[in-house]
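The values are calculated or read from the model by the stated rules, or taken from the named source; none is laboratory data. Here the structure is a predicted model, which is why all the values come from computation and not from measurement. Cβ sites come from the backbone with ideal geometry, for glycine too, and all protein chains shown count toward neighbours. Accessible surface areas use protein heavy atoms only, side chains included; no ligands, DNA or RNA. Shrake-Rupley method; radii C 1.70, N 1.55, O 1.52, S 1.80 Å.
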Amino acid sequence: MTKYPHIFSPGRIGSLTTKNRVKYAATETNFPFGDGFVSDKEVAYMEAQARGGAGIVTTQGAYPDPKGEGKGFRGMMAIYDDCFIPGLARIAEAIKRHGALSCLQILHCGREGGVDLGYCLMPSVVPQKLSYFKPPREITRQEIRASVEEHVRAARRAKEAGYDMIEISGIVGYLISSFISRYTNKRTDEYGGDIQGRCRLMTRILQGIKAEVGAMPVGIRLCGLELLDDRGGNTLEESVESFKLAEEAGADYVSVTIGWHESSISVITRDVPMGHWLYVAKEVKKAVNIPVMMAFRQFLPYIPEQALVDGAIDFWEACRPMIADPELPRKAAEGREDEITPCIACNVCFSRLYYHQPIMCSVRPTVGHEGDEQWGYYGFPAAAKTKKVIVVGGGPAGLQYAAVAARRGHQVTLYEQETVLGGSINLASRVDEGAIELQRPIRTLEGECRRGSVTIHTGVTVTEGLLTEQDFDVIVFATGATSKSLSFFPSCKVLTPRDVIGKGERPAYRTTILGGNGAGLAVAVFLLRNGDYDLTIIEESGKLGRDVNPFYLWQYIRLLKERKVKIMTRSKLVAMDENRLILTGAGADARVEADCMIVALQDPDTQWLTSPAISGKETYVIGDAKKPRRLNNAIHDGYRLGMVI
C-alpha cells in the first residue's frame, strides 16, 4: 500500500487512462542534433524517464517552422517536416514500452527564438530585457496564419509518429504567451486588444489541431501568473481567463506555470517554499472543467499528494526532480523516498541551455549518459579486481566517490574529521533562505554509502600514523579547499567563511571580504541576513560571482546593492597600512579601511601528496581539494573517479 494513494491512482486525459497522476514535464536538453534530428542520447534519456514509473512522459518542445524562427536552442528537436517523423517515433516507442503515455510538445519560442538567425518574432516590437534574446521583428497577419498551419501540420506528424497526446507550449514569453500578455502584445488588429483578442492565436492553434487529430488528447501549458506587474503584464484574472478560453477552444487539459524569464521575483529557486505556487493552480481549477497540472517547486511527494486531496491539481508534473532522478515515481510508490536523488533547485540544468550546452545535473552525473553502459545508470558491472580503498573527507566528492566505488564491489572506508558528514555543504546550507535543501543530497549519498557497506568514521582526523596502520590499495583525498595565504602580514583580524558561518565568529562592523567568488558572496549574504555591517568586497576579476549560477547571482547582487555594499572589481589587495588596505588595479586610488578581513579565496589541498604514508599506493585528489569549484564539480569528480577505479 503506497503512502501516496492519490498520486498513484489512475487518471483520465480525454479518452485515455493514465496509470498514475505523475507527468514528466517537458524540458529542452540540447541533446538532439543541431539540424533538429533526434539523437540516440535523447532517446536514451527519454526512455529512462519512462522506465522510472511516470504515467505520462512529455518530450522536449519541437519547433514547427522551417525558417527556425521558433527554434530557441541550438540542440532543439524539430517537427517542421515529415523527415523528422522516424526519429520522433523512436522516442514515442521508447516511452510506450514502459507503460507510460507518450506526449509530444510543440514549441515555437517566439521572442526567445531565432537562435540561428539575426532576429526573433514578437506580436509587437517591445525591447528585449535579456541580452541573449535576439532583436524583435513584428510578426505579420499572414505569418500568424502560417504559424497556425505549421502547428497543425506538426500535430499531424506527432500523430503519425505514434504519440498518444500532444501538448502546446504557451509559457515564459514563447510565441503564444507573448501574444497573450499585455506586456508584449500592443497590436490593434484581431490578435490584440482585450484578453480574447490576445488569446486568438492560441485558440486558433488549438482549434486547428483538434480538427486535424480528432479524439487524440491535446493539452496546453499556459502562464497562470506572469509576475510582470512592473512592466504591465497580465493580472491573475486575465491569466485565468486564458485557461478558460483554452478549454473552450478544445484543450483536453491545461498545465499551469508561473513567471517569465525576466520576472523580477524568484520563481523556481530555493528561497521559494515548496508548494508555494499551488494557490495559482487552485484558481485555474475553479475556472475550468478539464484536468489541471502543475510542476514548480513540488519536489517532495507529500506536497502534490496533498494538492490532489485539496483539489488544487489533478496531475503532478515533475521536471527538475525527474532530471535529478527519473526513478522518483517508482521510489516514491515503493516507499523508498530516502533513495531518491534529490533536486536542489540549483538550476544548472536550465542555465546551460542558454549557453548552448547540453543539460547536466549537479546531483546526477549520468544525465545524458543513460545509454552509455560505462556510466552505470542502470548499474555497474563488478570491478575486475576488488580493492581496499580509503577516502579522506566526507563532503559531496568523497561521499559520491565512496558510493560508486562500493557499487562496483570495492571495500571502502571513509574518514571525516567533523562529527557530521557534508564538508563545505554544511556551510553553504546556512547561507540563505531555503539553502538547507543542499543537505538533501548529502543525506542521500550517506544512505547509499551505508547500504553499500561503506565503513564511515566521523570525528576522526586522518594522520600519517593512522594510515601506516591501515591495509589499503587506493587512497582518495576529498579534504576540501584550504584558505589562501596572504602575501603580507595583516594588521587586522582575519577570518575565513568557515569561521563566520561554521563556528559563529562575528566580524567587526567594518569588514572587507577578499574574493567576490561564490564563497565570498555566500559569506556576504550570510552576514547581511544576520546583522548590520559595512562591507566591502574586493575582486580581482571584472565581475562578481563568475562561479555562481545566474538564477541566484541576480538575487545576491540585488541584496548587496540594497545594503550599500562597496564592490571593488579589477582590484587586488597587496598590503595594509594600519587599517587601510593598499590596492592595485582599479581600486589603487580608493581609500578602504577595515577592522576585519574575511579571506574567501581558496587553494587546493595537496599537503598529503608528499606523505611517505601513501608511498606506492594509488593516490587521487578530487573535489575542492583538487581545485576549488562548485557542488556539481565535486559530485561529478567523485562519480567519474568511481567509474574507473
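Observations on the structure shown:
- Residue match in the range 71-80 (condition: in a helix (DSSP H, G or I) and either more than 25 Å from residue 340 (Cα to Cα) or modelled with pLDDT of 95 or more (or both)): no
- Just one of the numbered conditions (1) open to solvent by 10 Å² or more (accessible area, probe 1.4 Å); (2) outside any helix (DSSP H, G or I); (3) closer than 25 Å to residue 376 by Cα is not true of residue 59: (1).
- All of 242, 264 fail the test of being assigned to a loop (DSSP other than H, G, I, E, B) and under 22 Å from residue 122 (Cα atoms), apart from 264.
- Residue 298 being part of a helix (DSSP H, G or I) and either open to solvent by 10 Å² or more (accessible area, probe 1.4 Å) or at pLDDT 95 or above (or both): no
- Within the range 4-56, the residues that satisfy the criterion of being buried (at least 24 other Cβ atoms within 10 Å of the Cβ) and of a type in the set (Phe, Trp, Tyr) are 24, 45.
- Residue match in the range 456-470 (condition: outside any helix (DSSP H, G or I), touching a helix residue (DSSP H, G or I) at 6+ places or on another chain (Cβ under 6 Å) and surrounded by 16 or more Cβ atoms within 10 Å (Cβ to Cβ)): no
- Hits in the range 491-520 - residues which are assigned to a helix (DSSP H, G or I) and either over 28 Å from the mean Cα position of the chain (by Cα) or free of Cβ contacts under 8 Å to residues at least 60 places away in the same chain (or both): 499, 500
- Within the range 164-175, the set of residues being open to solvent by less than 10 Å² (accessible area, probe 1.4 Å) and either under 18 Å from residue 229 (Cα atoms) or over 24 Å from the mean Cα position of the chain (by Cα) (or both) comprises 165, 166, 173.
- Criterion violated by residue 582 - all others in (1) more than 30 Å from residue 260 (Cα to Cα); (2) touching a residue at least 12 places away in the same chain (Cβ under 8 Å); (3) open to solvent by 20 Å² or more (accessible area, probe 1.4 Å); (4) outside any loop (DSSP other than H, G, I, E, B) satisfied: (2)
- Residue, most open to solvent (accessible area, probe 1.4 Å), within the range 546-579, restricted to residues that are over 29 Å from the mean Cα position of the chain (by Cα) and of a type in the set (A, V, I, L, M, F, W, C): 574
- Elements of type helices (runs of 4 or more DSSP H) in the range 115-228, at least 3 residues being in contact (Cβ under 8 Å) with a residue 40 or more places away in the chain and in contact with a His (Cβ under 9 Å, 6 or more places away or on another chain): 141-160, 200-213
- Members of the range 242-265 found to be surrounded by 19 or more Cβ atoms within 10 Å (Cβ to Cβ) and farther than 21 Å from residue 21 by Cα, listed by number: 242, 245, 246, 249, 259, 260, 263
- Odd one out for residue 446 among (1) closer than 26 Å to residue 612 by Cβ; (2) modelled with pLDDT of 95 or more: (1)
- Inclusion of residue 420 among residues that are surrounded by fewer than 22 Cβ atoms within 10 Å (Cβ to Cβ), more than 23 Å from the chain's Cα centre (by Cα), at pLDDT 95 or above and of a type in the set (A, V, I, L, M, F, W, C) is warranted.
- As a summary of the residue check, residue 1 satisfies the conditions (1) more than 25 Å from the chain's Cα centre (by Cα); (2) in contact (Cβ under 8 Å) with a residue 40 or more places away in the chain; (3) open to solvent by 10 Å² or more (accessible area, probe 1.4 Å); (4) under 29 Å from residue 340 (Cα atoms) except for the one numbered (2).
- Members of the range 378-412 found to be among the hydroxyl-bearing types (Ser, Thr, Tyr) and open to solvent by 40 Å² or more (accessible area, probe 1.4 Å), listed by number: 378, 386
- The combined condition, being open to solvent by less than 40 Å² (accessible area, probe 1.4 Å), within 25 Å of residue 339 (Cα to Cα) and of a type in the set (S, T, N, Q), is fulfilled by residue 444.
- Contact annotation: residue pairs with Cβ atoms under 7 Å, 6 or more positions apart or on different chains, pairing a residue in the range 88-111 that is more than 19 Å from residue 149 (Cβ to Cβ) with a partner that is part of a loop (DSSP other than H, G, I, E, B) and of a type in the set (Asp, Glu), are 101/164; 102/164; 103/164.
- Only one entry in 510, 450 is open to solvent by 40 Å² or more (accessible area, probe 1.4 Å) and out of contact with any Leu (no Cβ under 9 Å at 6 or more places or on another chain), namely 450.
- Subset of the range 603-627 [surrounded by 13 or more Cβ atoms within 10 Å (Cβ to Cβ), modelled with pLDDT under 95 and hydroxyl-bearing (Ser, Thr, Tyr)]: 606, 611
- Qualifying residue in the range 332-351 (condition: farther than 25 Å from residue 406 by Cβ, part of a strand (DSSP E or B) and under 19 Å from the mean Cα position of the chain (by Cα)): no
- Selection status of residue 439, among the polar types (S, T, N, Q), in a helix (DSSP H, G or I), without any contact (Cβ under 8 Å) to a residue 60 or more places away in the chain and open to solvent by 10 Å² or more (accessible area, probe 1.4 Å): yes
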